[in-house]
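Laboratory data are not the source of any read-out in this text; all were calculated from the coordinates shown. These numbers come from a predicted model, not from an experiment. Please note: Cβ atoms are built from the backbone with ideal geometry, for glycine as well, and neighbour counts cover all protein chains shown.
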Amino acid sequence: MNKFLDNLLDNFQKDFDKYRFAIKLTLVGSVCLIVLMILLICFGICMNCYQNFFKELETEPQKSIEKIDFMLKFAPKSSYLYLLKGRTFASLEKYDEALKYFEKSLELKKDAHAYSGIAVATFLKEKKITPEIENLFNEAFELNQNAFGIYFARSYVYYVAGEYDKSLADLEKLYMLTHDEQFISRSAEVYLMKGDYCKAYEYYESFDKEFGSNSINKDFAKFRCNRW
């Protein structure tokens, strides 16, 4: 019996020595796979939290401010967090507060979106486009000529101010940068407000063909176009 066990152990040792490298490689691979799976799970959780946070900026801005304040305790010099806080106050129509945090963000870092945020908040506060607002947008574009968020913000300001041709020019630039069909739909809305019903219908038709939908605004634009 002892001889049998000795032979068994000798054979096991020989096999172990023979396949030592393969065993090590398998163990290392298994550990790496487990670590990778853990990292992917953590990444998924972080992405879900990230998406929920930005949804809250629109749906529950007051709650978002509390979360931003909490994060600022750990990153008090984060220009991005101050930028988010400014945007949140702007969504609450508290423009003085919004301006304060946009300017704080700008103090920490020269950022195109901070200049754009100040421009929009100032416009919404004063209800008119001033040379100061134009200069703020120019400052933003000097820092980043292809930031589509700035074109979108300026097109919105021009739209609300009734300067439809300037709004359309920015929306055209946005489409060139992003190739996102939503800007075709937004251009249609601007043409509709401008009173150019035939052009509005053309843009609505182009957008609806792409997505297989049919809007009431398109029917209205078609009716007014044929009527004129």
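Report, in listed order, any pair from 100/127; 166/218; 85/125; 67/125; 110/194; 67/104 with a Cα-Cα distance greater than 29 Å.
From the list (100/127; 166/218; 85/125; 67/125; 110/194; 67/104), the Cα-Cα distance tops 29 Å for 110/194.
Between the beta carbons of residue 145 and residue 108, assuming R0 = 22 Å, the FRET efficiency works out to 0.45 to the nearest 0.05.
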